[in-house]
Amino acid sequence: MTTSIGLTQANTTMLINNNNLQKQWVGTQAPAFKLQDQNGNWHQLSQYQGKWVVLYFYPKDNSPGCTQEAQKFKALYPQFLQQNAVVLGVSLDDVTSHQKFSAKLSLPFPILADSQQKLAEQFGIVRSLGFIHFAKRESFLIDPNGVIVYHYNSVDTQTHAEQVLADIQN
């Protein structure tokens, strides 16, 4: 019985921490960044002033969930453009890995290489499994003034792109 109480307390603590994490980012200015995409082009948050920015972090190029999530954003990309929004995928993989992943899926949007883990660390979403580091699957919706209006810390790869698009439309 002590175990179930401990587990309940742990689950409650996790929920509280997730809510606090959500509140930590919403309403704050998004961290500035300068990262290269799959084509070697540099991207900075400041160049998207006046546009909605979907900054979605994913763990690894070519993994099943990351592939599915990228395909969902690809399918809805024209609708994001109609809403004056740019989609930026980010992982800790390097530019070469991103080139292959993007070409394989014919992605129409930039995926940024955060191979130095600086942006993911600023958002506090770097995770480690032994010597392997990856970004947790989380997204941030940034308004045209650079303010974070949504932090998605629990992402379903099947429905996430639709959810973000609906949030921009609202």
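Within the stretch 75-86, which residues are touching a residue at least 60 places away in the same chain (Cβ under 8 Å) and closer than 13 Å to Leu55 by Cα?
Selection gives Phe80, Ala85.
Being buried (at least 20 other Cβ atoms within 10 Å of the Cβ) and in a helix (DSSP H, G or I): is that true of Phe101 here?
In short, yes.
Out of everything in the stretch 124-141 that is among the small types (Gly, Ala, Ser) and over 13 Å from Leu55 (Cα atoms), what residue ends up being nearest to the chain's Cα centre (by Cα)?
Gly124
Which residue pairs have Cβ atoms closer than 7 Å, lie 6 or more positions apart in sequence or on different chains, and pair a first residue in the stretch 63-74 that is charged (D, E, K, R) with a second residue that is part of a helix (DSSP H, G or I) and surrounded by 19 or more Cβ atoms within 10 Å (Cβ to Cβ)?
Here the result reads Glu69/His160; Lys72/His160; Lys72/Ala161, each pair linking the stretch 63-74 to a residue that is part of a helix (DSSP H, G or I) and surrounded by 19 or more Cβ atoms within 10 Å (Cβ to Cβ).
Among the residues of the stretch 121-133, what is the count of those that are of a type in the set (A, V, I, L, M) and surrounded by 13 or more Cβ atoms within 10 Å (Cβ to Cβ)?
Residues that pass the stated criteria total 2.
Which residue is surrounded by the fewest Cβ atoms within 10 Å (Cβ to Cβ), if the candidates are limited to the stretch 104-120 and must be assigned to a loop (DSSP other than H, G, I, E, B) and at pLDDT 95 or above?
Ser106
The values are calculated or read from the model by the stated rules, or taken from the named source; none is laboratory data. Worth saying up front: this structure is predicted, and the values here are computed from it rather than measured. In this analysis, Cβ positions are derived from the backbone assuming ideal geometry, glycine residues included, and neighbour counts consider all displayed protein chains.
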